[in-house]
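The values are calculated or read from the model by the stated rules, or taken from the named source; none is laboratory data. It should be emphasised that the depicted structure is a prediction, and the values quoted were computed from it without experimental measurement. Here the Cβ positions follow ideal geometry from the backbone for every residue, glycine too, while neighbour counts run over all protein chains shown.
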Amino acid sequence: MYNDIVELVSFIDDGVDEYGDPKKLEVKRPVFCNVRSVGMSEFYQAQTLFYNPEIKFVLADYLDFECEEYADHEGYRYKVLRTYRNGKELEITCYGGVRQ
């Protein structure tokens, strides 16, 4: 049973501003998930590449993920580090939880 919600965040082009810089529009999409902790071996392997994985979201269906770059959960924004498809499920490993 997937009893938690994560908001997957992507950005789309929204023209340019008055200075000619590109504008990005933030799009959030809520998805049901399970929240899991990052395993010890996975944590230490990521540390060798200077990443600090903090949380893992498990989606019921891999089709719910559309290559979003960020995930918002309980007031924190995480950067997607990697995904892993396990049958029909998809595990999303994230790092850098920043309070919003």
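Here are the numbers for this structure:
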| quantity | calculated |
| --- | --- |
| Every residue from region 1-23 that is touching a Lys or Arg at 6+ places or on another chain (Cβ under 8 Å) and free of Cβ contacts under 8 Å to residues at least 12 places away in the same chain | 14, 15, 16, 17 |
| Every residue from region 65-96 that is surrounded by 18 or more Cβ atoms within 10 Å (Cβ to Cβ) and either small (Gly, Ala, Ser) or assigned to a helix (DSSP H, G or I) (or both) | 71 |
| Unmet requirement for residue 60, which otherwise passes all of (1) aliphatic (A, V, I, L, M); (2) modelled with pLDDT under 95; (3) within 11 Å of the chain's Cα centre (by Cα) | (3) |
